[in-house]
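Please treat every number below as a calculation from the coordinates, not as lab data. Because the structure is a prediction, the values reported are computed rather than measured. Cβ: placed from backbone, ideal geometry, glycine included. Neighbour counts: every protein chain shown.
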Amino acid sequence: MNRPLLAGSVLFLCLGAAAEGDTTVTVTTTSNECKVSTPADVVSNSPSVAAGQAAIRNQNYALAKANLKPLAEKGDAEGQRAYGNLLLMKCTGLIDSGAGADWLQKSADGGNMDAAAQLGNAYMNANGVPQDDNKAFALLTKAAAAGSGPAEVDLGYLYLSGRGVAKDPYQGMVWTVKAGEQGIPAALVNIAQAYFRGGALPQDNDEAIRFVFIALERSTPAQKTRFAATTNNIIRAVSQRDAASASDRAKRWSPGKDSLSEVLRDAARRRDQAKP
């Protein structure tokens, strides 16, 4: 069974630590069925983004708000981004999707490309805002051009799936490779899936399983769980001997500029083969 490619950037979840800077593995919005009461207001005498993010990791959302809201209101672009992210997160008792999106937009307008990436992902996944692939594409293009790895993953997905832009498998792999060279696991899983399915890349189970292990080497436990449907599907398709060999080869790979140049060559070859 073919599995969907993975999208990047931020899914606003509450699974222990917040998903700051994480990468998503699905383009569907996770529903928020948990009910929590709104935290009581607290005051922070010396607000800072670092303190706000630490409070999010500790699930002290009232303290996070106390740190981030004043900074956002003062026009601090990073404070606006972090506060917008907080208001879009599930299960905090603070969710305010409209305000969250507005703060992300203010931050993006101020030049914060992390905010642009997060807002683009929100539009792509209908997370707190209506789904709008055209807005997602515009935001993600801007953020990816500035080097945002999560935006590169999502922009690659949009090109590969033809959402918000004409379908272009080669361009999709260009952006996916850029993110993969930064070591972003979701991009590496997408490369594995592209080799496994064939299409944007030549069908090659050896390369598919190698990139599965490259991705898993760099994944958090939570990411491994979210990647499982895709990675297990590929692992089941190869022998234990091939899997062991791929695992050994994966350990010799490291991210960096041009570290995935062979993937781009394979993508270019597939593009040229598809030309009439």
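Just order 155-162, 80-87 by mean Cβ neighbour count inside 10 Å, highest at the front, would you? Show your work: numbers first, answer last.
On the way: 155-162: 25.1, 80-87: 28.6.
Sorting 155-162, 80-87 by mean packing, highest first, produces 80-87, 155-162.
Would you list 76, 206 from fewest to most Cβ contacts within 10 Å?
206, 76
Please give the length that would be gained between residue 242 and residue 269 if that part of the chain were fully extended, namely 0.36 nm times their separation in residues minus their C-alpha to C-alpha distance (nm, one decimal). Display every interim value, and only then the final one.
Values: separation 27, 0.36 × 27 = 9.72 nm, distance 2.52 nm.
The residue 242-residue 269 span can extend by a further 7.2 nm.
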With labels modelled as points extended 7 Å from the Cα through the Cβ direction, what inter-label distance (nm, one decimal) is found for residue 166 paired with residue 73? 4.9
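How far, in nm, would the chain grow between residue 229 and residue 96 when pulled straight, counting 0.36 nm per residue and subtracting the alpha carbon separation?
On the way: separation 133, 0.36 × 133 = 47.88 nm, distance 3.14 nm.
That works out to 44.7 nm of additional length.
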Could you give each residue of the range 45-62 its phi-based ³J(HN,Hα) in whole Hz, using Karplus coefficients 6.51, -1.76, 1.60 with θ = phi - 60°, and x for Gly or Pro? 6, 9, x, 8, 5, 4, 5, x, 5, 5, 5, 4, 4, 8, 6, 9, 6, 5
Sorted from fewest to most neighbouring beta carbons within 10 Å, what does the list 218, 270 look like? 218, 270
Taking a cut-off of 20 Å between Cα atoms, list the lysines near residue 142, but don't count ones fewer than 8 places away on the same chain. 106, 167, 178
Kirkwood radius from Cα pairs of the range 168-276 plugged into Stokes-Einstein at 4 °C, 1.567 mPa s, gives D in µm²/s equal to 94
Karplus (6.51, -1.76, 1.60) ³J(HN,Hα), θ = phi - 60°, over the range 211-217, in Hz, Gly and Pro reported as x: 6, 4, 6, 4, 5, 5, 4
Within 10 Å of each residue's Cβ, count the other Cβ atoms and sort 129, 212, 153, 174 from fewest upward. 174, 129, 212, 153
